[in-house]
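The values are calculated or read from the model by the stated rules, or taken from the named source; none is laboratory data. Treat the numbers as computed from the prediction; the structure is a model and nothing was measured. Backbone-built Cβ (ideal geometry, glycine too); neighbour counts: all protein chains shown. SASA here: full protein model, heavy atoms, side chains in, ligands and nucleic acids out. Shrake-Rupley method; radii C 1.70, N 1.55, O 1.52, S 1.80 Å.
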Amino acid sequence: MTLNIHSSLDAVGLTAAFSAKLTEKNISANVIAAYYHDHIFVPKEKAEQALNAILELQKIK
């Protein structure tokens, strides 16, 4: 899944928001932050559950 979000390198909190939501669902993740893209790796067996958790963030706002 790719999120079409353009954020500044000065912006903070995006990774924390995803991490908190995955933690809430008891899903571990490895985050790789890069200059243009960040990647969040989750266990394959929890991929669908992780996607649904991240999609819940859309409903908050």
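Brief remarks on what is shown
- Accessible area, probe 1.4 Å, largest first, for residues ILE27, ILE40: ILE40, ILE27
- Label zone at GLU56 (point 7 Å along Cα-to-Cβ), backbone N below 14 Å, segment 9-47: 17-28
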